[in-house]
1. How many Å² of accessible area per residue for chain B, probe 1.4 Å?
2. Provide a whole-number value for the mean count of partner chain Cβ atoms within 10 Å of the Cβ atoms in peptide B:55-63.
3. Only helices at least 30 Å long along their own axis, judged from Cα atoms, and with Kyte-Doolittle mean hydropathy of -1.0 or greater: name those in chain B from DSSP H.
4. What is the interface area between chains B and A, defined as buried accessible area summed over both chains with a 1.4 Å probe, reported in Å² to the nearest 100?
5. Largest first and to the nearest Å, give the Cα extent of the stretch A:18-79 along each principal axis.
6. Quick one: label points 7 angstrom along Cα→Cβ at B:G51, distances to the other copies in nm, smallest first?
7. With a sphere of radius 15 Å drawn around the Cβ of B:G155, what net charge do the other residues whose Cβ falls strictly inside it have (Lys, Arg +1; Asp, Glu -1)?
8. Can you send over the carbon and sulfur percentage of the accessible area for the stretch A:18-79, probe radius 1.4 Å, protein chains only?
Number of protein chains: 2
Amino acid sequence: MNSTSVLAELPLLERRTLSDTVYEALSDLLASGRLAPGDRLSLRQSAAALGVSVMPVREAVSRLAADGVLEVAPNRVIRVPVMSADAFRALVETRIAVEGIAVARAAELRTATELAAIRRTEAAFRAEAEAAEPDRARAVQLNRDLHFAIYGACGLGPLQEIIARLWLKAGPVINLDLRAHPERLRQGFALRRHAEAVVAIENRDGAAAAAAIAADIREAAEFILTRGGLRDVQGED
Amino acid sequence: MNSTSVLAELPLLERRTLSDTVYEALSDLLASGRLAPGDRLSLRQSAAALGVSVMPVREAVSRLAADGVLEVAPNRVIRVPVMSADAFRALVETRIAVEGIAVARAAELRTATELAAIRRTEAAFRAEAEAAEPDRARAVQLNRDLHFAIYGACGLGPLQEIIARLWLKAGPVINLDLRAHPERLRQGFALRRHAEAVVAIENRDGAAAAAAIAADIREAAEFILTRGGLRDVQGED
DNA sequence: TCACCCAAACTGTGATCACAGATCACTAGC
DNA sequence: GCTAGTGATCTGTGATCACAGTTTGGGTGA
């Protein structure tokens, strides 16, 4: 009935269910490392804490569990999985491969606008990291923003979703370590690799960009592995 | 208390919830193309058909929806998404990139046992495809078996999970097309590419193996795209 | 004959209840 | 003093109910 097709441009607003909200809340807890590997989770307690019934929490948890971000043991205990060193290495190799593709494509396809956004977030991260008293949580968030600003330019939606899931999976162990061992040299490495990546993206040099991100990922992983923060058996203490 | 450590070898039996079972049932429907893009799904009807309550179906659907294999519209209608041609192309490019990594690694790392298994499934697919009256459903399954036999040799668990999800997402449109247009030349291409891949894997030639699989994927996709089986708008008829 | 409207029958979402199994603290028995 | 047993209390899972919003079909109006 209504006149023109101006309406056709409406972004088809997405509905937010309580489950979605709970999912994001839990994701945030995991990504920020406040839920550490081995931590247990109770449906009822979580529901009470969030002020909802167990239903939305249940759905959110089952989604997280499907992604391997949470696991429910045969004892019916929900917890964030403790990764063996080998599993962590496999995850890191996967990340290097997949994120390498994304950043290589991004370097070759990025528009001027995207490059500007990447530069901006890189600068923001650098500023936070070099601050006299850096806010760790904020640095983590900015690091994530930078990576995804890059991946966002790869032109492949499905690939970005995959990477987001990988980050969710790696988040607890990485950020737990970051909480345990205040950043120090980690950030020095990250800053250098980020700078290399940005330069490579400016030059549309996909291979160099992928190498920089690969080094960024690998160095952070090595740092954690040498710290011995990962147990090889899944004991609890 | 119990004597020896024979118990330690028990495979830690995984529990199967009803949700898991429903999830597999729906996945199978989608992977085999019996649920086509645009088809709607009702929680209560599905539950009744499966002889369970809506709860397990709800959880399974929410998992599928999280993976983008199903979508629930703002109208609260569950359906398998209709992919635009562009979205399909992005999915195909992602598959080529990700599965390319897996097959390249598999070619370089495969053991003799894994190679034998790959050869076996390749032969099985060839036999079915060259049969006088090939069973389409079985051919689809064998094609899948072959691909995953290869990816299983890549040594990266997380990567295999990613690929499985990608297949689930691409399954409906690919298999719907396969149902609509009886195989014909499609299989001729597939046979050649599979043979090339197996040879490359025998020679531990990662690049060649990746190229063969990329061609396999791309040719199937081109076939579908030129058929015009994909709508560019998400209308319903 | 066509357009409109209203009511009945659906839809998914969320809350609540019921249940089997696991955990843990406590106590009875040696 | 230590172990084995036992009951209360927790766990996730599944079923059922309640609700608001949507769809749909039949009927009434012009």
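The values are calculated or read from the model by the stated rules, or taken from the named source; none is laboratory data. Computed from a prediction, not measured in an experiment: that's the story for all the values here. Every residue, glycine among them, receives a Cβ derived from its backbone with ideal geometry; neighbour counts consider all protein chains shown. Areas reflect the complete protein model, heavy atoms only, side chains present, ligands, DNA and RNA absent. Shrake-Rupley method; radii C 1.70, N 1.55, O 1.52, S 1.80 Å.
1. With the other protein chains kept in place, chain B gives 51 Å² per residue.
2. So the per-residue partner count for this stretch is 4.
3. Once both thresholds are applied, what remains is B:85-109, B:157-180, B:206-227.
4. Using a 1.4 Å probe on protein heavy atoms, the buried area is about 2500 Å².
5. 26, 24, 19 Å, listed from the longest principal axis down.
6. 4.5
7. Details: positive: A:R89, A:R95, B:R105, B:R110, B:R204; negative: A:D86, A:E93, B:E99, B:E108, B:E114, B:E161.
Every neighbour counted, the sum reads -1.
8. 50
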